[in-house]
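Input: a single structure, listed below in structure tokens.
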Amino acid sequence: MADIDHLDDRIAAAAFRRLVRHLRHRSDAQNIDLMGLAGFCRNCLSEWVEDASIRAEQPIDRETARELIYGMPYAEWKASHQPPATEAQLARMQESLARNPTDLA
């Protein structure tokens with residue numbers, strides 16, 4: 001199995017930026033559905049950016065990290081693109097989150 005920690009940082013950064021651009025473009029892909037299917041969403045990516053920035057001793061606060069991921073302030077994105085979650089979406093998210101590993105950092 002290939003070790004992700006040996007992937008060149010330039011390649012990893014380019015792939016991450018492409019993922020973020022894709023998620024910015026696909027505002028129809030709701031966070032709750034991403035959570036239900038994959039156990040992560042744009043907010044998770046924001047938190048991971050924040051956590052990595054702290055470990056790198058170049059702290060980025062949560063709101064700034066969210067703006068980096070969403071391409072706009074989170075409140076603006078939420079108001080424009082995020083309808084209320086249904087009970088079924090919330091239940092699927094909870095089932096999915098239960099399968100997540102506790103720490104991959």
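Couple of notes before you dig in:
- From the options ARG99, ARG55, ARG66, ARG62, residue that is more than 15 Å from the chain's Cα centre (by Cα) and modelled with pLDDT of 95 or more: ARG55
- Residue check, ARG21 out of contact with any His (no Cβ under 7 Å at 6 or more places or on another chain), closer than 22 Å to ASP9 by Cβ and loosely packed, with under 12 Cβ neighbours inside 10 Å: yes
- Lone qualifier among ASP33, ASP8, ASP61 - being closer than 22 Å to ARG99 by Cα, acidic (Asp, Glu) and open to solvent by less than 90 Å² (accessible area, probe 1.4 Å): ASP33
- Among the numbered conditions (1) out of contact with any Ser or Thr (no Cβ under 7 Å at 6 or more places or on another chain); (2) part of a loop (DSSP other than H, G, I, E, B), the only one that PRO59 does not meet is (1).
- Pairs with Cβ under 9 Å, 6+ apart, first in the stretch 1-21 and within 16 Å of SER46 (Cα to Cα), second among the charged types (D, E, K, R) and at pLDDT 95 or above: VAL20/ARG42
- Filter result (among the charged types (D, E, K, R) and touching a helix residue (DSSP H, G or I) at 6+ places or on another chain (Cβ under 6 Å)) within the stretch 71-105: ARG92
- Filter result for the condition that a residue is in contact (Cβ under 8 Å) with a residue 24 or more places away in the chain and open to solvent by 60 Å² or more (accessible area, probe 1.4 Å), over LEU45, LEU68: LEU68
The values are calculated or read from the model by the stated rules, or taken from the named source; none is laboratory data. All figures in this text were calculated on a predicted structure; none of them were measured in a lab. For neighbour counting, all protein chains shown are included, and Cβ atoms are generated from backbone atoms with ideal geometry for every residue, glycine included. All accessible areas refer to the heavy atoms of the entire protein, side chains included, with ligands and DNA or RNA removed. Shrake-Rupley method; radii C 1.70, N 1.55, O 1.52, S 1.80 Å.
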